[in-house]
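Accompanying notes for the structure given below.
The values are calculated or read from the model by the stated rules, or taken from the named source; none is laboratory data. Quantities reported herein were computed from a predicted structural model and do not represent experimental measurements. When we count neighbours, we look across all protein chains shown, and the Cβ atoms used for this are built from the backbone with ideal geometry, even at glycine. These area figures cover heavy atoms from the full protein model, side chains too; ligands, DNA and RNA do not enter into them. Shrake-Rupley method; radii C 1.70, N 1.55, O 1.52, S 1.80 Å.
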Amino acid sequence: MSRTRTGHFPIGFRQAFEPWQHDVPGIAAWARDNDFEVIDLTGQFADQRQTVQHAGLAIGTLDLPTWQPMMSADEGKRRDTVAKQAAFVKEHAAAGVKHYFAVFLPEDPQRKRAENFEVLVKSLAELAPALEQAGADIVIEGYPGPGALGCTPESLRAILREVDSPAMAINFDPSHLIRMGIDPMRFLREFAPRVRHVHAKDTAVDGEAVYEFGREQPATLGKRVRFGGTFWRYTLPGHGQFAWSEGFEVLEQAGYQGYVTIELEDCNFNGSEEGERAGLLASRDYLKGC
């Protein structure tokens, strides 16, 4: 089976965009035949969990059904969302799924960040007992979308401080940190004990484009690339800036025992079934040597 050289972490991939990946029996069979050990399922395919498991694969993460209403200004809507999340976790954790993926994007990105933060930690504190009882956790991804929380050391540290529960964990994805200008290795050294899942995705930064456009001002004539901006783009692991072998060493030393799943977002590979298959296989082979 496919495992990293350092840490011997099982390698898999996150279900993604093209229609071929919506065929869960098909991707499960392809994953098994190509020595992957795990698949992360997106939220709309939670009902096909058993298909993946019956193929002999693990479920790395399962998306929580909905994220934004956990920060709703409507108290009733917020509490109802938390209750539904708890029921979802109870159902799937009983079948062995222990890690639940979430990005903390607020329902109203224009609301003050401190207000969204206050409501988020209230929701998480209410959800934590159900996660703990199920032996499960939320793995927070730091995607820096509009108004997102938990994507910088400051806000993530605050969430972990305010919600004092082992059920609050981290999905480590260096690609988002790199595009924000945050040192991913320093981040990993600080937060490694709370990392429960890893996304294998990288980011390339074009230094000439940084000079041309800067990091703050929108470009006047420059064009964004798919899965990127004017000066950065997401890539396969090994095509960007992160030192994967060193990162796996940090995780190994911290006692990490989870999965490494490829999140394929690379304009050179996405967009066709052939390209995505090639990108997943190339990523698998790179990670095996790290």
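I need the trypsin sites (Lys or Arg not before Pro) found in region 52-139, filtered to DSSP loop residues with at most 11 other beta carbons within 10 Å of theirs.
Filter output for region 52-139: LYS112.
Percent of accessible area on region 138-290 owned by carbon and sulfur, 1.4 Å probe?
Ligands and nucleic acids excluded, carbon and sulfur reach 46 percent.
Can you show me the helix-derived [θ] at 222 nm for the chain, built from DSSP H runs with n ≥ 4 at -39,500 (n - 2.57) apiece and divided by the number of residues, rounded to the nearest 500.
Calculated from helices alone, the mean residue ellipticity at 222 nm is -12000 deg cm²/dmol.
Which whole-number percent of Cα pairs in region 233-290 have a distance greater than 12 Å?
More than 12 Å apart: 69 percent of the Cα pairs in region 233-290.
Please list, ordered by chain and number, the residues whose modelled amide H lies under 5 Å from the amide H of ALA200; skip anything fewer than 5 residues away on the same chain.
THR261, ILE262, GLU263
How many angstrom lie between the C-alpha centres of region 115-159 and region 212-290?
Using only Cα atoms to place each centre, the spacing works out to 24 Å.
List the residues of region 243-262 whose backbone N lies under 18 Å from a point placed 7 Å from the Cα of HIS8 along the Cα-to-Cβ direction.
Within reach of a label on HIS8: 248-260.
Counting DSSP beta bridges in region 83-176, what percent are antiparallel, to the nearest 5?
Restricted to region 83-176, the bridges split so that about 10 percent are antiparallel.
Based on the mean of other Cβ atoms within 10 Å per residue, sort peptides 60-66, 49-55, 103-109 so the most packed one is first.
60-66, 103-109, 49-55
Antiparallel as a % of all DSSP beta bridges within the chain, to the nearest 5?
Beta bridges within the chain, antiparallel portion: roughly 20 percent.
Can you give me the accessible area per residue for the chain, using a 1.4 Å probe, in Å²?
That works out to 44 Å² per residue.
From the cross-link list LYS90/LYS288; LYS90/LYS122; LYS201/LYS288; LYS90/LYS112, which pairs have alpha carbons spaced over 22 Å apart?
Beyond 22 Å: LYS90/LYS288; LYS90/LYS112.
According to a simple spin-label model (label point 7 Å from Cα along Cα-to-Cβ), what is the distance in nm between ALA94 and ARG186?
Calculated label separation equals 4.7 nm.
Could you give the length gained by full extension between CYS267 and GLN53, i.e. 0.36 nm per residue of separation minus their alpha carbon distance, to one decimal place?
74.0 nm
Points 7 angstrom from Cα along the Cβ direction at ALA243 and GLU18: gap in nanometres?
Between ALA243 and GLU18, the label points sit 3.4 nm apart.
Compute the signed sum of charges (Lys and Arg +1, Asp and Glu -1) over the other residues within less than 14 Å, Cβ to Cβ, of ALA278.
So the surrounding residues net to -4.
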